[in-house]
Amino acid sequence: MAVLSNSTADRATFRSAAMPAARAKTGRLIVFTGPSGVGKGTLLRQLLARHPSLRVSVSATTRSPRSGEVEGQDYYFVEREAFQQMVERGELLEWAEFAGNFYGTPAQPLAQQIALGQRVILEIELEGARQVRQTFPEALQIFVLPPSLEALEQRIRQRGQDAEAAIAKRLARAQVEIAAASEFDVQIVNDDLESALQQLEATLFAEEP
Ligand code: ADP
Ligand code: 5GP
C-alpha cells in the first residue's frame, strides 16, 4: 500500500470542519491507553456494565478477528486497501500501525456522540493517543500499567489469542509504551481488577456534581 500520511494538518481539518458543535465538549473525550494485554478491554467491559451511558469508540483495523470478536462491536475489520481509503478520505481522527496491522478511530460516529453530549472512550495505543493529544488537548488521558512485565506476558499468553510472533511484537512495544506512561494525566496499575476499576471510576466521575 502507499505510504499513508496522518499529518497534524489533516487532523486539524477534521477538528474544525467535522466537529464545530462539539468543540466546547471535547472534555468529554477520554483516551484510554496501555500495553496490549494489560487489561484495557476487560476494564472497559466492566466499566460499561456499571455505567451504560458511557460510549466506547469502535475502531477500524486490518487485524484479523480473534475468536469471539464481533464485527461492528469489537472492531470494524477491513482490508488494508479499505483502510487506506478511509485515511485518504480523511475519515479517521487518528490512526497508527501496531504489531504489523493498522488501527484507526472513525471520526464521524465520534463527532455525533460528542455532539449528543456523550462521554466517549477511545481505547487506543500510544501513537494514536499522542495524535489525539495534539488535536484535543482537553481530552482526559489515562494510561493503564501492568504490575510487572512478567505479569503482562502471562496475561497475553493466558488470553491465548496471539501467535508467538505477535506476542513478541506486543511485548517489545509494551516496553516503549510503558516508558511513556508519565505523558498521561492519570496512571492506573491494573493489579487487582476491582481496585483498578474503582480508580478508573474515581478518575472519570471525580468532577461530576
Ligand atoms: P487488553 O485489552 O489491554 O489487550 P485484555 O482485557 O484482553 O487486555 O486482558 C488480557 C488478559 O488479562 C485477559 O485474559 C484478561 O482476562 C486478563 N486480565 C485483565 N485484567 C486482569 C487482572 N487485573 N488480573 C489478572 N488478569 C487480568
Ligand atoms: P488488539 O490487536 O490487541 O485489539 O489492539 C492492539 C493495540 O491497538 C491496542 O493497544 C489497542 O489499544 C490499539 N488500538 C485499538 N484501536 C485503535 C485505534 O483506533 N487507534 C489506535 N491508534 N490504536 C488502537
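Read the figures in this text as sums done on the coordinates, not as results from a lab. These numbers were taken from a predicted model, which means no experiment stands behind them.
From the backbone phi of the stretch 172-189, what are the Karplus-calculated ³J(HN,Hα) couplings (6.51 cos²θ - 1.76 cosθ + 1.60, θ = phi - 60°) in whole Hz, Gly and Pro given as x?
Listing the rounded values in order: 5, 5, 4, 5, 5, 5, 4, 5, 9, 4, 6, 5, 8, 5, 9, 10, 10, 8 Hz.
How big is the stretch 8-204 on each of its three principal axes, counting only the C-alpha atoms and giving the largest first in Å?
In descending order, the Cα extents are 45, 40, 30 Å.
Which ³J(HN,Hα) values in Hz, rounded to whole numbers, follow from the phi angles of the stretch 90-96 under the Karplus curve 6.51 cos²θ - 1.76 cosθ + 1.60, where θ = phi - 60° and Gly and Pro get x?
Whole-Hz 3J(HN,Hα) from phi for the stretch 90-96: x, 8, 10, 5, 8, 7, 7.
Can you run phi through the Karplus equation (6.51, -1.76, 1.60; θ = phi - 60°) for the stretch 48-62 and list ³J(HN,Hα) in whole Hz, with x for Gly and Pro?
5, 5, 7, 10, x, 7, 5, 10, 10, 5, 9, 7, 9, 8, 8
Among Pro147, Pro52, Pro109, which one shows the highest mean-square fluctuation when the chain is modelled as a Gaussian network with alpha-carbon springs under 10 Å?
Maximum among the listed residues: Pro52.
Under 5 Å between amide H atoms, partner at least 5 residues away or on a different chain: which partners does Phe102 have, H built in plane at 1.01 Å?
Thr62, Arg63
For the chain, what is the mean residue ellipticity at 222 nm derived from helices alone (per DSSP H run of n ≥ 4: -39500 (n - 2.57); sum divided by total residues; nearest 500 deg cm²/dmol)?
Result for the chain, helices only: -13000 deg cm²/dmol.
Count the DSSP beta bridges whose two residues both fall in the chain, then state the antiparallel fraction as a percent rounded to the nearest 5.
In the chain, approximately 30 percent of DSSP beta bridges are antiparallel ones.
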